Amino acid sequence: MTSLRSETDTMRQATHLLTIDTPGLGLREITRPVAAWVQGRGMDEGLLTVFCRHTSASLLIQENAAPEVRQDLEAFFEALAPEDPGRYAHDDEGPDDMPAHLRAALTGVSLSIPLIGGRLQLGTWQGIYLFEHRRRPHRRELALHLMGA
């Protein structure tokens, strides 16, 4: 059911920088800390934007039930953009540098998720993932922006 709001209703905004420590290469589910922050804003309807402030990590909405999905995705991107010395001109930070940029370019750094009835409208088996494309651990920063009522 769709609800209609009058022009006099006021939209609210909230922002937050969420820091995620990654152990290195791979998909890390971040649904819980993101959803917890949204719940704490007390909004019922709106839109959440999650933005990854890095060029060698990205964001995905993906299945969170079967771990094989994450394993297959990681293997696919490793094959698609392999670490191959001599293949890339850009290797300032090592052999995983340019493959990390390619993987991030292919997956994206921003997500938009509707908030309806006070809950993020992810599907039954969907989770929010930070996809770390570098081999060593990193501290990643995500900008969260929630607009709603």
With a Förster distance of 35 angstrom and the Cβ-Cβ distance between GLN71 and ASP91, calculated FRET efficiency to the nearest 0.05 equals 0.85
Sorted largest first, the C-alpha extents of the chain along its principal axes in whole angstrom are 60, 30, 22
By Cβ neighbour count within 10 Å, fewest first, HIS133, HIS16 rank HIS16, HIS133
With x for Gly and Pro, the residue-by-residue ³J(HN,Hα) of region 126-133, computed from phi through the Karplus equation 6.51 cos²θ - 1.76 cosθ + 1.60 at θ = phi - 60° and given in whole Hz, is 9, x, 9, 10, 8, 9, 7, 9
In whole angstrom, the spacing between the Cα centers of region 77-149 and region 14-72 equals 10 Å
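No value in this document is a laboratory result; all are computed from the given coordinates. The shown structure was predicted, so the numbers you read here are calculated from the model rather than taken from an experiment. Note that we place each Cβ from the backbone using ideal geometry, even for glycine, and neighbour counts take in every protein chain shown.
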